[in-house]
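One structure is given below, encoded as structure tokens.
The values are calculated or read from the model by the stated rules, or taken from the named source; none is laboratory data. Note that the structure is predicted; figures quoted are calculated from it, not measured. As a convention, Cβ positions derive from the backbone with ideal geometry for all residues, glycine included, and neighbour counts pool all protein chains shown. Surface accessibility is based on the protein's heavy atoms, side chains included, excluding ligands, DNA and RNA. Shrake-Rupley method; radii C 1.70, N 1.55, O 1.52, S 1.80 Å.
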Amino acid sequence: MANEAAYRLDEVRANIAKACKPSRRETDDVTLIAVSKTHPAEKITPLLEAGHRVFGENRVQEAQEKWPALREAYPDVELHLIGQLQSNKADEAVALFDCIHGLDRPSLLKALAKAMDKAGKRVPCFIQVNIGEEEQKGGCAIADLPALIEQAKAAEIPILGLMCIPPFDIEPAPFFAYLFKLAADNGLDQLSMGMSGDYETAVMLGSTHVRVGTALFGERRKQGQ
Ligand SMILES: *Cc1c(COP(=O)(O)O)cnc(C)c1O
């Protein structure tokens, strides 16, 4: 299993390097977030042993159960919260994560600012944008983005850039290109976009943080979606 994990990691890294070439980007510009949600520590350890350090989880409670022990063994791990966050979990999220990707509304922004003040620590965030303007999806409405960025500045929450999950089952490239433009228009230069099915496309269109689960760990059981 250790070999298989290392093999998949090499493969994904090679694909990222290939996708960087046409736009003459450096491979180091792209952070590979290994999305380990639903997978037990035994499946995560081989990636850690292969030298990977950046991981993503989408549930605070699951991360609390898995990561403190892994972090003891690998203190330089960088943990990203990639999923939706409830305001009442802000304290726990700020304590555990090094980066939060799902900031998408004023109420959560306030809760995070308060949690960061209390913890005496600023956790960098991505603002999630509802790029396909889908009703059921999380993410800030495109029209509300400038105001949310201003509020984050006022609350001294460091905003790295924008994050999106494009609509399912449609060609994602136009949505990635649009997120790139929105970020540029708002003076932000980092983009969290691209998952197992489309990370190469995302990198070609400027992604700086790809969130890859299945291509590294294999299929998940349903609950993690
Ligand atoms: C699960 C998840 C991913 C990883 O998805 P894969 O298709 O398994 O690579 C990426 N981003 C978010 C927000 C997720 O919830």
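Some notes on this structure:
- Of the criteria (1) away from the ligand (no atom under 16 Å from the Cβ); (2) of a type in the set (Asp, Glu); (3) touching a Pro at 6+ places or on another chain (Cβ under 7 Å), which one ASP198 fails: (1)
- Boolean, ASN88 is surrounded by fewer than 14 Cβ atoms within 10 Å (Cβ to Cβ) and either in contact with a Cys (Cβ under 8 Å, 6 or more places away or on another chain) or without any contact (Cβ under 8 Å) to a residue 60 or more places away in the chain (or both): yes
- SER107 passes every criterion in (1) buried (at least 18 other Cβ atoms within 10 Å of the Cβ); (2) polar (S, T, N, Q); (3) closer than 27 Å to ALA95 by Cβ apart from (1).
- Within the stretch 36-58, residues that are within 16 Å of the ligand (Cβ to nearest atom) reach partners that are part of a helix (DSSP H, G or I) and not hydrophobic (A, V, I, L, M, F, W, C) with beta carbons closer than 6 Å, at six or more positions or on different chains, in the pairs LYS37/GLY224; THR38/GLY224.
- Some residue of the stretch 205-220 being more than 16 Å from the ligand (Cβ to nearest atom), open to solvent by 20 Å² or more (accessible area, probe 1.4 Å) and either in contact (Cβ under 8 Å) with a residue 60 or more places away in the chain or out of contact with any Ser or Thr (no Cβ under 8 Å at 6 or more places or on another chain) (or both): yes
- Filter result for GLU156 (modelled with pLDDT under 95 and either open to solvent by 10 Å² or more (accessible area, probe 1.4 Å) or farther than 23 Å from THR31 by Cα (or both)): no
- Filtering ILE82, ILE127, ILE100 for residues that are among the hydrophobic types (A, V, I, L, M, F, W, C), touching a residue at least 12 places away in the same chain (Cβ under 8 Å) and open to solvent by 10 Å² or more (accessible area, probe 1.4 Å) leaves a single hit, ILE82.
- Any hit, the stretch 83-96, residues being under 16 Å from ALA34 (Cβ atoms), within 15 Å of the ligand (Cβ to nearest atom) and not basic (Lys, Arg): yes
- Scanning the stretch 63-74 for residues that are more than 16 Å from the chain's Cα centre (by Cα) and within 22 Å of HIS209 (Cβ to Cβ) returns LYS66, TRP67, LEU70, ARG71, TYR74.
- Residue, surrounded by the most Cβ atoms within 10 Å (Cβ to Cβ), within the stretch 1-54, restricted to residues that are of a type in the set (Lys, Arg) and under 18 Å from the mean Cα position of the chain (by Cα): LYS37
- Inside the stretch 126-168, residues that are within 16 Å of the ligand (Cβ to nearest atom) and under 15 Å from the mean Cα position of the chain (by Cα) make up a count of 14.
- For the stretch 131-150, a residue qualifies if it is open to solvent by less than 70 Å² (accessible area, probe 1.4 Å) and in a loop (DSSP other than H, G, I, E, B), and the qualifying residues are ILE131, GLY132, GLU134, LYS137, GLY138, GLY139, ALA141.
- Residue match in the stretch 108-128 (condition: at pLDDT 95 or above, touching a Phe, Trp or Tyr at 6+ places or on another chain (Cβ under 9 Å) and not in a strand (DSSP E or B)): yes
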